[in-house]
1. What do you reckon, is Gly385 touching a Ser or Thr at 6+ places or on another chain (Cβ under 7 Å), assigned to a loop (DSSP other than H, G, I, E, B), small (Gly, Ala, Ser) and in the same structural domain as Asn272 (by TED's automatic domain parsing)?
2. Given the criterion touching a strand residue (DSSP E or B) at 6+ places or on another chain (Cβ under 9 Å) and under 21 Å from Thr339 (Cα atoms), identify the matching residue among Val294, Val271.
3. Answer yes or no as to whether Ser338 is among the polar types (S, T, N, Q), closer than 17 Å to Gly305 by Cα and surrounded by fewer than 16 Cβ atoms within 10 Å (Cβ to Cβ).
4. Going residue by residue through segment 357-366, is there one that turns out to be modelled with pLDDT of 95 or more and in contact with a strand residue (DSSP E or B) (Cβ under 9 Å, 6 or more places away or on another chain)?
5. Quick check on this structure: which one of Gly371, Gly349, Gly310 is more than 23 Å from Ala257 (Cα to Cα), out of contact with any Gly (no Cβ under 9 Å at 6 or more places or on another chain) and of a type in the set (Gly, Ala, Ser)?
6. Which count do you get for residues in segment 336-360 that are part of a loop (DSSP other than H, G, I, E, B) and in contact with a Phe, Trp or Tyr (Cβ under 9 Å, 6 or more places away or on another chain)?
7. Only residues that are aliphatic (A, V, I, L, M), part of a loop (DSSP other than H, G, I, E, B) and buried (at least 19 other Cβ atoms within 10 Å of the Cβ): list them for segment 194-233, please.
8. Would you confirm, using the coordinates I've provided, whether Gly405 is part of a loop (DSSP other than H, G, I, E, B) and modelled with pLDDT of 95 or more?
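The values are calculated or read from the model by the stated rules, or taken from the named source; none is laboratory data. Keep in mind it's a predicted model, so treat the numbers as computed, not measured. Counting neighbours? That spans all protein chains shown, and the Cβs are built from the backbone with ideal geometry, glycine included.
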Amino acid sequence: MRMWRTWLGVLACVGGAQWACAPSNAEDPVWEEPSQEQDETSNAPDASVEVAPPLVLNDEGQVRTAPPPAQPTPPAVSFQPGFHQALRWSYSVSSVTTFRMRVPVARAGERIQVTFRAGDGALTLQRATVARAGADGSLVSTPVALSFEGKPGFAAGARALVTSDPLAFPVTFRDDLAITFEVRGALAASAINAFPGSFARVGTHSQASEALGGEAFERSVGVATVDVEGPTGRAFLAMGDSITEGYVDLRNDTRNAWPALVESQLGVPVVNAGVSGQGFYDALMLLDDEVLAVKGITDCLVLLGTNDLGDAGAEEQMETRMLLLVQRLEPFCHVWVSTLLPKEKTNYGAYEYVKSQRLSFNAWLRAGGTGAEVIDLESVMRRTGNVHLYLEGLGVDGIHPSTDGHRVMATEVVRTLRERGQL
């Protein structure tokens, strides 16, 4: 488990909470608990495959090429993610505590499954329910119990993923769900506060139909994925750091992060696998659990590298790791990569290095260095006279975009996808 201690401690210099900054390969960095103040469907082949026309050779001979292999037709209905959160950190409770997570679900269908993740130790979940949620975290429907292999709960080891049985629970696009669960032990958690209307209360209250009460708990905790069974279609996953996770200030809302705004405009899921503070190294190390474990994804949007800037020669290492990341993602999804946003300062390394590395990396991306499709988000966020500065009103602290900045980013992602004929 040494690897987990290392990764769970890694937070470079993009992130909303107060953790010690360290290089991505630092040995056993120390985790500091944040204070309460912070925190298309693919083209189906023709049913009858025609034999390809003959090729005429130079000697006027002929040979017939074999028809291309038929691609599997995706099922008409399937489970695909309507919500996802990469939960890198851990939060433990010693006595039974009820959490109520208010999460947006960006997929319509008749049945759902909820996947929970344990933290850095054993987790016992006694009971869990799901209901529709109001904006304040209150319930607007009767709680319905989840089950796990026919049982009301489960016990799991460190970092385990446990998925509920399918539950008949109709949802529409962008419904807010209240997922309420009684647990003891270690839960996986996100780094920043981005889920308003979520609460924690000591005791067993998963079946309470009234407001949960207790204390606000706005980090994503326990709930890793909500899959919805519906017509099979496009489903995007966004990878990145705190810029993707949605950090703007001490209190945030995942609904205002650029992936959610793209989702709202396109009408398809764009689930969020952003992790505050991560760089390429930790993204690659934890790719299997945090990204490749999500079933039904068709496209991946990658905005990553800001936290890697600063070391001498970092741009070469970034290019190598981006290539590896794209290669690992390509069998899983259609890959889109974004240029890095302006960076007006740095908390790590010499700023002159940071500026030159960012420009070099962006030029490499634009030139097609990865072979993946490029979305040039820097071009709509930077000033004309100084590419290292945000346009007025689009940044908040020299590193992170503002809520207006997230809207501009989302608009450019949507424009690019539509211009390329993707949606």
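1. No.
2. Val271
3. no
4. Yes.
5. Being more than 23 Å from Ala257 (Cα to Cα), out of contact with any Gly (no Cβ under 9 Å at 6 or more places or on another chain) and of a type in the set (Gly, Ala, Ser) holds for just one of Gly371, Gly349, Gly310, which is Gly371.
6. The total comes to 8.
7. The answer is Ala194, Leu212.
8. The answer is no for Gly405.
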